[in-house]
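The values are calculated or read from the model by the stated rules, or taken from the named source; none is laboratory data. Everything quoted here is computed from the prediction, not taken from an experiment. When we count neighbours, we look across all protein chains shown, and the Cβ atoms used for this are built from the backbone with ideal geometry, even at glycine.
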Amino acid sequence: MMIVKRQRLLEIHHALTQLAEHARGVKLAYAIARNLGRLREEVEATQKAGTPSRAFQEFDQARLKFCQALCTKDNEGRPLIEQGQFILGENQPELDRLVDKLKGEYVEAISEREKQLAEWRTLLDGEADAKFHLVALEDVESGISADVPSLALLLEPLLGYVIPEG
């Protein structure tokens with residue numbers, strides 16, 4: 001058993017999920033499946049704790065509709081997005097006005113969401129018990145397809161937890 005911060009458990013779960021798409025070897029596929037199974041309950045509980053309320057989701061959907069309606073679009077009418085943000089240009093002030101009005105309708109939901117996120121960050125920083133099924137680095141290397149982009153970045157969260165260091 002190992003004590004791990006919940007944030008790290010989410011990172012490990014994400015890395016294992018991505019790695020599963022490229023696993024070709026039996027040992028690696030088995031280790032991934034075992035670890036995903038062992039992490040599932042803690043990961044689901046942590047994610048559920050961070051799920052926004054229905055009222056906040058309504059606010060966010062309305063905000064997104066405004067963004068999509070006012071943003072710059074390509075020749076096929078699809079919204080242009082740069083670095084995760086809609087490109088609004090001269091429509092930014094109009095969006096700001098609409099969103100400010102919308103915020104007035106969802107004051108309580110937004111306040112509750114901000115409080116929830118603060119508590120959730122504290123939860124992520126907290127520790128949980130985890131037991132990992134270890135897999136040797138050579139089994140990872142021999143059990144993975146050659147077309148994995150950024151393999152080193154993908155494996156980083158697993159080192160010392162699922163893949164023993166050294």
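Do you know which residues across region 1-45 are outside any helix (DSSP H, G or I), under 25 Å from Ser142 (Cα atoms) and touching a strand residue (DSSP E or B) at 6+ places or on another chain (Cβ under 9 Å)? The answer is His22, Ala23, Arg24, Gly25. Selection within region 60-74: residues that are touching a residue at least 12 places away in the same chain (Cβ under 8 Å) and not charged (D, E, K, R). The member of this set that is surrounded by the fewest Cβ atoms within 10 Å (Cβ to Cβ) is Gln68.
It is to be established whether one or more residues within region 129-150 are within 22 Å of Gln47 (Cβ to Cβ), surrounded by 13 or more Cβ atoms within 10 Å (Cβ to Cβ), of a type in the set (Lys, Arg) and under 25 Å from the mean Cα position of the chain (by Cα).
No, the conditions are met nowhere in region 129-150.
Residue-wise test of (1) in contact with a strand residue (DSSP E or B) (Cβ under 8 Å, 6 or more places away or on another chain); (2) in the same structural domain as Arg63 (by TED's automatic domain parsing).
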residue: Tyr106; (1), (2): no, yes
residue: Ala109; (1), (2): no, yes
residue: Asp129; (1), (2): yes, no
residue: Leu137; (1), (2): yes, no
residue: Val140; (1), (2): yes, no
residue: Ser150; (1), (2): no, no
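For the subset of region 106-126 comprising residues that are among the charged types (D, E, K, R) and surrounded by 13 or more Cβ atoms within 10 Å (Cβ to Cβ), which member is farthest from Ala62 (Cα to Cα)? The extreme case among them is Glu112.
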